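*Asks:* Below you'll find the structure I mean.
The values are calculated or read from the model by the stated rules, or taken from the named source; none is laboratory data. No experiment lies behind these values; they were computed from the predicted model shown. Every residue, glycine among them, receives a Cβ derived from its backbone with ideal geometry; neighbour counts consider all protein chains shown.
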Amino acid sequence: MKIVKVTLPNGMVVSCLQKHEVPIVNLEIQGYLSNGLRLKPGGTVLDVGAHVGLFTLGAYEHCERNLNVYAFEPAQATFELLRLNLGRYDQNEQLKAFPFGLSSSCETVSFAYYPRATSLSTAYPNEEADLKMAKEATLNNIIYLDQAPLLLRCLRWLPSFLRGLILHYPLKRTLYLETVTCQMQTLSQFLRDHRIDRIDLLKVDAEKSELEIFRGIEAQDWPKIQQVVVDVHDLDHRLEAITTLLQKYGLREIGVGQPPTLQNSEIFTVHAMRR
């Protein structure tokens, strides 16, 4: 696929495969640094599920381009774009990209890669659920994106069943799936390998893999994590499981919300920090 460039509202330019994804993902991450979370220059961030680097670059700019970020992206095609985008702005070799994901064990997994919707790529594909989520995300986001095509913006005035029918086949075509092989590592193993003793913010947006990521953190490493922001797919009571786990290890200032762009979905954003 052809690589295209998109200019963000802050003036940064990013390379991607699907131009329409960038403003949607960028809109979703705006709320990550909220609910009391603070990020200062010189801090350390782990960006798990970095995609093409929008959160990493936004946090880097927020911290006056003085931030240590370890960004993870398991899908090879997306990783190459992440490395390209971080390299474009990394002034002091502070933005590091890694071609693997984090999980509960070190292993090789089959990964569902959506070349026409790369941000939805997942280790846990479910055609019906993924299509439903794509419909909700499309309808929610077109209200907030001025650049959405006029035809899409007009859909919000139609009855919900009619909107779903109109979007069904175009989105089903968009969710064309390719199976790729990806490497996984545990967060604790990564911290040992890179001698990291403090994480100012752990950001997780891993498309249904979030609970497995937290299960890959050993007890002695939890105190290193000062703040967490994670998108949780509330399947099988996963939201309760994750908030309970965060509280168990001292991240007790917890906020759970659902931004306007994710209304009526099973996705919730959880903010947590140490007192």
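*Asks:* Being touching a residue at least 12 places away in the same chain (Cβ under 8 Å) and either over 20 Å from Leu95 (Cα atoms) or surrounded by 19 or more Cβ atoms within 10 Å (Cβ to Cβ) (or both) is the filter here; which residues of the stretch 15-24 pass it?
*Replies:* Step one: list which residues in the stretch 15-24 are touching a residue at least 12 places away in the same chain (Cβ under 8 Å), which gives 15-19, 21-24.
Scanning the stretch 15-24 gives Cys16, Leu17, Gln18, Lys19, Glu21, Val22, Pro23, Ile24.
*Asks:* Suppose the filter is more than 28 Å from Arg116 (Cβ to Cβ), surrounded by 20 or more Cβ atoms within 10 Å (Cβ to Cβ) and either touching a Lys or Arg at 6+ places or on another chain (Cβ under 9 Å) or without any contact (Cβ under 8 Å) to a residue 12 or more places away in the chain (or both); does Tyr32 pass it?
*Replies:* Working: more than 28 Å from Arg116 (Cβ to Cβ): no; surrounded by 20 or more Cβ atoms within 10 Å (Cβ to Cβ): yes; either touching a Lys or Arg at 6+ places or on another chain (Cβ under 9 Å) or without any contact (Cβ under 8 Å) to a residue 12 or more places away in the chain (or both): yes.
No.
*Asks:* Taking the stretch 203-237 on its own, how many of its residues are within 21 Å of Thr44 (Cβ to Cβ) and either not in a strand (DSSP E or B) or not charged (D, E, K, R) (or both)?
*Replies:* Within the stretch 203-237, the first condition is being within 21 Å of Thr44 (Cβ to Cβ), and the residues that meet it are 203-206, 210, 213-214, 216-231.
In the following step, the residues that additionally are either not in a strand (DSSP E or B) or not charged (D, E, K, R) (or both) were identified as 204-206, 210, 213-214, 216-230.
The qualifying residues number 21.
*Asks:* For the stretch 203-224, enumerate the residues that are of a type in the set (A, V, I, L, M, F, W, C), surrounded by 15 or more Cβ atoms within 10 Å (Cβ to Cβ) and over 22 Å from Val109 (Cβ atoms). Break it down into steps so the answer makes sense when it comes.
*Replies:* Start the filter on the stretch 203-224 by keeping residues that are of a type in the set (A, V, I, L, M, F, W, C), which leaves 204, 206, 211, 213-214, 217, 219, 222.
Those left that are additionally surrounded by 15 or more Cβ atoms within 10 Å (Cβ to Cβ): 204, 206, 211, 213-214, 217, 222.
Trp222, the sole residue that qualifies.
*Asks:* Here is a follow-up. Would you tally the residues in the stretch 248-269 being part of a helix (DSSP H, G or I) and touching a residue at least 24 places away in the same chain (Cβ under 8 Å)?
*Replies:* Of the stretch 248-269, the ones part of a helix (DSSP H, G or I) are 248, 260-262.
Right, trim to touching a residue at least 24 places away in the same chain (Cβ under 8 Å) and you get 260-262.
Residues that pass the stated criteria total 3.
*Asks:* Considering only strands (runs of 3 or more DSSP E) fully contained in the stretch 1-108, which possess at least 2 residues that are farther than 25 Å from Met184 by Cβ and out of contact with any Leu (no Cβ under 8 Å at 6 or more places or on another chain)?
*Replies:* Details: elements: 4-7, 13-16, 44-48, 68-72, 95-98.
Output list reads 4-7.
*Asks:* Can you find even one residue in the stretch 225-239 that is surrounded by fewer than 16 Cβ atoms within 10 Å (Cβ to Cβ) and either at pLDDT 95 or above or in contact with a Lys or Arg (Cβ under 6 Å, 6 or more places away or on another chain) (or both)?
*Replies:* Quick first cut of the stretch 225-239, residues surrounded by fewer than 16 Cβ atoms within 10 Å (Cβ to Cβ) only: 235-237.
Filter once more, so that each one left must be either at pLDDT 95 or above or in contact with a Lys or Arg (Cβ under 6 Å, 6 or more places away or on another chain) (or both): none.
The answer is no; no qualifying residue exists.
*Asks:* Just to be sure before I move on: is Ala77 aliphatic (A, V, I, L, M) and at pLDDT below 70 in the structure I sent? So that I can check it myself, show each step before the final result.
*Replies:* Working: aliphatic (A, V, I, L, M): yes; at pLDDT below 70: no.
So Ala77 does not fit the description; no.
*Asks:* Given the conditions (1) buried (at least 20 other Cβ atoms within 10 Å of the Cβ); (2) within 30 Å of Ile196 (Cα to Cα), report the number of the one that Cys63 does not fulfil.
*Replies:* (1) is the only condition that Cys63 fails.
*Asks:* So how many residues does the stretch 174-199 have that are in a helix (DSSP H, G or I) and either of a type in the set (D, E, K, R) or farther than 17 Å from Ile225 by Cα (or both)?
*Replies:* Qualifying residue count, the stretch 174-199: 3.
*Asks:* Restricting attention to the stretch 84-119, which residues are among the charged types (D, E, K, R) and either under 22 Å from Val13 (Cβ atoms) or out of contact with any strand residue (DSSP E or B) (no Cβ under 7 Å at 6 or more places or on another chain) (or both)?
*Replies:* Looking only at the stretch 84-119, we keep the residues that are among the charged types (D, E, K, R), and these are 88, 90, 93, 96, 107, 116.
Selection gives Arg88, Asp90, Glu93, Lys96, Arg116.
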